[in-house]
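Working notes, beginning with the structure itself.
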Amino acid sequence: MKKLYTNYINNFRGLSPEIWLLSLVTFINRVGAMVIPFLSLYLVNAKGFTLPQVGWIMTSFGVGSLVGTWIGGRLTDTIGFYKVIVSSLFLGGIGFVFLQFVDTFYGFCFGIFTLILVADAYRPAIFVACEVYSKPGNVTRSITLIRLAINLGFSIGPLIGGIIIATISYTSLFWIDGLTCVIASIGLFILLKPKKSKENETEKVVKKEGVPPYLNGLFILFFIIMVANSICFVQYFSVMPLYYEKAHFLSEDLIGWLFFINGALIVIFEMPLITWLERKKMSKTMATFWGVFFLAISFIVLNISYWSGVLLIGMVLMTFGEMIGSPFSNALALEMAPKGRKGSYMGLYSMSFSISHIVGHNAGMNLVDGLGFSLTWYTMFVFLVVICLAVWWLHKLMNKSSSVTPTKTVTIEKEVIS
């Protein structure tokens, strides 16, 4: 047991202090984001909105995330990731506090859109920060530690939020969420020393190599793969709970335990798994392939038996797909981004998840309504098999392109870095 513990701790050695601080801030932010899991309940029970109105509010949430990640990526390339992260945390915290005072439907649509726009500008900036503050060769493990912080916060946050709702009130969630974001931003501002990206350490202008992400054919293919994969992945957080209840008659507490298993597995196994895969020299594209593959299998096993144990098997398979695919796809996006354009590339990469929230939940609900659960899982499986083929194609194209040394196109834009 001591050896296992020592080996586990060794997986975290060598990461820079700045990465640990960013992970701590991310953990505080995710624990504080306890409003989001209970948002639909709050809108119905406390605000009296109808279910169609809640649907439009969640659509505004997704659109705000989409716009926010795009703006965050652009701002990261112009004013730098440090200012984007601190500003996003601080202004987002204030936004959460004020959102509780909005009572009208249209006001809440606008409020949630604006709030998430500001909050999700954080996402592309944190990826760029991971690369800047990471030691050479540690980028993937640094991203994994950030993901571990996110998942640990995601596991604890809803539990704390449920206790707060039961003992105090819904509105207290907004105060706690907002204040934790503000505290995290102040702590980051005080403790983390700003650092410019490596290509801009000595220059006052941004040197942009290569082409923008929307003109990079390989990156667009990768982006499409991520959107398609995420559309299926988000079913686990909207349609799947309904399946657990309607088809297998699970109670809310059992459903909660299933999702807790997801977070617990990631916290315990993701870093050792990523470290092992890196030692095995697995390419980032092939890791992405296996991530999609395990997600596909997690859907098809649900149709094998009516035994409720398949739900646990499906959750474990999905979690392993997430643990393998997500860190390496993040690192792959950074690797594909040329110097001076990493914010734009990571912004587009982050937008893939925002698009999946806009499309995925609604598509899944309509498929279940028209086809039923079993045919929906078959549809998801076939769709993801096609995506596996697309990832394999991307792997071949990237191997082919890496064998040819391209002529670098460098453009210099006079954007002052302060």
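The values are calculated or read from the model by the stated rules, or taken from the named source; none is laboratory data. Quick caveat: nothing in here was measured; it's all calculated off a predicted structure. Cβ atoms come from the backbone with ideal geometry, glycine included; neighbour counts cover every protein chain shown. To get the accessible areas, we keep the full protein, side chains included, count just its heavy atoms, and leave off ligands, DNA and RNA. Shrake-Rupley method; radii C 1.70, N 1.55, O 1.52, S 1.80 Å.
Under the combined filter of DSSP loop state and at most 10 neighbouring Cβ atoms within 10 Å, region 286-315 retains these chymotrypsin sites (Phe, Trp or Tyr not before Pro): Tyr306, Trp307.
Derived from the Cα gyration tensor, the three semi-axes of the equivalent ellipsoid of region 234-317 are 27, 15, 10 Å, largest first. Phi angles across region 318-327 convert, under the Karplus curve 6.51 cos²θ - 1.76 cosθ + 1.60 with θ = phi - 60°, into 3J(HN,Hα) values of 4, 5, 5, x, 5, 5, 7, x, 5, x Hz, Gly and Pro given as x. Would you give the gap between the C-alpha center of region 310-329 and the C-alpha center of region 51-119, rounded to a whole Å? Cα centres, region 310-329 to region 51-119: 28 Å. Computed from backbone phi, the HN-Hα couplings of region 367-375 come to 5, 5, 5, x, 10, x, 5, 4, 5 Hz, rounded to whole numbers (Karplus: 6.51 cos²θ - 1.76 cosθ + 1.60, θ = phi - 60°; Gly and Pro given as x). Each residue of region 269-280 is assigned a 3J(HN,Hα), and the resulting list reads 10, 5, 4, x, 5, 5, 4, 5, 5, 5, 5, 7 Hz, derived from the Karplus form 6.51 cos²θ - 1.76 cosθ + 1.60 (θ = phi - 60°), x at Gly and Pro. On the beta carbon distance between Leu24 and Ile160, with R0 = 25 Å, the FRET formula returns roughly 0.90.
Would you work out which of Gly107, Ser88, Met58 lies farthest towards the positive end of the dipole of region 51-158, given +1 charges on the beta-carbon of Lys and Arg and -1 on that of Asp and Glu, about the Cα centre? About the Cα centre, the residue reaching furthest to the positive side is Ser88.
A probe of 1.4 angstrom, applied to the heavy atoms of all protein chains, finds Ser308 with accessible area near 50 square angstrom.
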